[in-house]
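The values are calculated or read from the model by the stated rules, or taken from the named source; none is laboratory data. Everything numeric in this text was worked out from a predicted model, so none of it was measured. Glycine gets a Cβ as well: all are built from the backbone with ideal geometry, and neighbour counts include every protein chain shown. For accessibility, only protein heavy atoms count, side chains too; no ligands or nucleic acids. Shrake-Rupley method; radii C 1.70, N 1.55, O 1.52, S 1.80 Å.
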Amino acid sequence: GYDQPSCDGRQTIVHLFEWKWADIAAECERFLGPAGFCGVQVSPPMEHIVSAGDGYPWWQRYQPVSYKLESRSGNEEQFTDMVQRCNAVGVRIIVDAVVNHMTGLGRVGPGSGGTDFNADNLDFPGVPFSSMDFTPKDQCPSSNGMINNYNDPNEVRNCYLVGLTDLYGAKDYVREKIAEYFNHLIDIGVMGFRVDAAKHMWPGDLEAIQGLTKDLSTAAGFPSGRRPFFFHEVIDQGGEPITVQEYFGVGRTTEFRFGKKIAWGINSFDQLGGVYDPGWGMAPSEKAVVFVDNHDNQRGHGGAGDILTHKQPKEYTMGVCFSLAHDYGFMRIMSSYYFDNSDQGPPGSSYGGTDDVPINGDGTCGGGWVCEHRWNAITQMVKFRNAVAGTQIANWFQEGDNVAFSRGDKGFFAMSKYGSFDRTLQTGMPAGTYCELISGCANQVTVNGDGTAQISIHNSDEPIFAICVGCDG
Ligand code: LAG
Ligand code: CA
């Protein structure tokens with residue numbers, strides 16, 4: 001089905017936001033493959049606007065000009081090389097698919113691939129799309145053609161989102177052109193799609209597009225008959241008529257309430273028990289894609305508010321590690337660049353390009369790239385999540401600013417807000433000596449015959465403990 005990633009049981013993807021294809025290829029080989037990552041969500045690969053006037057912001061790439069693979073991250077040859085090299089080390093590529101709309105009104109060509117266009121004339125010859133392919137005005141109930149009222153699904157889906165020319169997804173030709181774009185990417189060897197602005201698309205239109213897509217490429221190493229993985233960006237915080245539930249037939253959905261609950265829980269640990277709250281209408285585990293922050297809400301764009309980010313390294317580390325230890329949802333880690341204002345593009349924006357990602361001697365990233373996925377505790381917990389896949393939370397313990405739990409009989413996780421904890425706890429695990437992952441096996445842990453073990457945390461930066469069956473660091 002569309003909700004199943006195809007990466008041999010690996011449990012975590014990372015969003016390498018704004019990275020160039022050549023850097024992602026290298027990262028798959030030197031880091032992500034060995035570390036056990038399932039895949040990479042890449043920035044939108046299609047041709048997009050180039051806006052010098054806005055300082056080459058990151059959001060250029062959410063304004064498609066054509067489906068040519070010519071973007072700030074590289075060209076088609078470089079994209080193909082990345083997909084092949086990542087596939088070869090078991091790391092799959094997930095494309096950020098911007099198909100609700102084309103560019104904003106008022107924009108004119110050329111785009112990043114040199115293609116001409118004129119948004120006010122609804123003319124995108126690179127696809128081609130013309131005025132007939134955009135949602136007719138009589139389908140949009142708002143007075144100015146824009147989305148103002150989120151309580152009306154017709155308005156949310158048929159009007160222009162922040163002035164972006166809205167594609168008419170009911171039309172066969174539009175569906176075919178989008179499917180053609182998806183099939184081109186599937187032929188190259190990608191595993192799936194994150195559908196941007198899916199809340200602004202009708203689930204029935206998405207279903208029709210999916211019906212025109214191919215199975216994953218066997219030449220790229222996928223089993224025959226395997227469908228692409230789809231997850232839909234639906235910002236549902238409760239309180240609006242459009243819910244994540246409407247999209248369960250077409251794949252998974254982003255679960256924005258999880259990140260908010262993690263932020264609250266790290267602030268006060270007694271709330272950590274309720275990070276998955278079905279009573280809130282949150283997606284069930286097998287339908288949810290979860291994340292502590294994303295490229296929008298870390299900078300105050302879509303779905304922002306009460307969110308932990310890399311700007312609070314200790315709290316962020318705790319939030320991501322707790323999420324990786326938890327049994328809820330399919331996990332995405334954010335990998336960012338440093339920024340001062342919310343529109344600022346990646347390193348290199350001063351000249352309209354994107355800089356390389358340099359790797360320092362100690363494994364951290366330089367050049368303005370944060371690389372949260374390389375932070376020690378986060379990297380180690382990706383291994384933990386793979387090792388305990390399929391098990392549920394048990395042996396829950398929470399007292400003050402300390403929390404601990406097992407994942408079935410496969411692993412045990414503990415976290416102490418102030419980095420000081422000593423206690424004998426039931427781990428639910430088989431007797432034996434285990435490597436403590438966060439210390440890189442510097443600490444060995446003995447689980448007694450009755451499943452108890454002495455759990456110690458003495459580390460104020462990474463106040464986390466993790467052991468698992470088959471984990472040797
Ligand atoms: C989303 N969800 O449905 C993202 O949450 C949201 O962040 C995306 O907007 C949106 N879909 C479109 O893909 C991003 C930026 C916007 C930006 C937009 C188009 O958050 O700020 O809008 O991408 O590039 C920009 C300007 C607007 C302007 C618009 C059209 O910020 O002021 O009206 O472009 O020219
Ligand atoms: Ca729409």
I'd like to check something: does segment 379-398 contain any residue that is among the charged types (D, E, K, R), in a helix (DSSP H, G or I), within 30 Å of ASN294 (Cα to Cα) and in contact (Cβ under 8 Å) with a residue 12 or more places away in the chain? yes
Suppose we filter segment 41-50 for residues that are open to solvent by less than 10 Å² (accessible area, probe 1.4 Å) and either among the charged types (D, E, K, R) or part of a loop (DSSP other than H, G, I, E, B) (or both); how many remain? 6
Look at LEU32 and say whether it is open to solvent by less than 10 Å² (accessible area, probe 1.4 Å) and closer than 19 Å to PHE117 by Cβ. no
Filter segment 298-327 for residues that are outside any loop (DSSP other than H, G, I, E, B), open to solvent by 50 Å² or more (accessible area, probe 1.4 Å) and charged (D, E, K, R) and give the result. LYS314, GLU315
Return the only residue of LEU161, LEU167, LEU206 being within 15 Å of ligand 1 (Cβ to nearest atom), at negative phi, under 28 Å from the mean Cα position of the chain (by Cα) and surrounded by fewer than 22 Cβ atoms within 10 Å (Cβ to Cβ). LEU161
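Looking at segment 187-201, which of its residues are open to solvent by 10 Å² or more (accessible area, probe 1.4 Å) and away from ligand 1 (no atom under 14 Å from the Cβ)? Full working, then the answer.
Within segment 187-201, the subset open to solvent by 10 Å² or more (accessible area, probe 1.4 Å) is 187-188, 196, 199-201.
Residues satisfying the conditions are ASP187, ILE188.
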Could you run through segment 7-40 and say how many residues are more than 20 Å from LYS383 (Cβ to Cβ) and not in a helix (DSSP H, G or I)? 4
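Looking only at segment 313-324, decide whether some residue is more than 30 Å from SER112 (Cα to Cα), of a type in the set (S, T, N, Q) and without any contact (Cβ under 8 Å) to a residue 40 or more places away in the chain.
Here is the first cut: in segment 313-324, the residues more than 30 Å from SER112 (Cα to Cα) are 313-324.
Those left that are additionally of a type in the set (S, T, N, Q): 317, 323.
Okay, now just the ones that are also without any contact (Cβ under 8 Å) to a residue 40 or more places away in the chain, so none.
No, segment 313-324 has no match at all.
Looking at ASP293, ASP340, which one is of a type in the set (Asp, Glu), open to solvent by less than 10 Å² (accessible area, probe 1.4 Å) and either within 16 Å of ligand 2 (Cβ to nearest atom) or part of a loop (DSSP other than H, G, I, E, B) (or both)? Step through it out loud before you land on a result.
Values: ASP340 fails: open to solvent by less than 10 Å² (accessible area, probe 1.4 Å).
Checking each option against the conditions leaves just ASP293.
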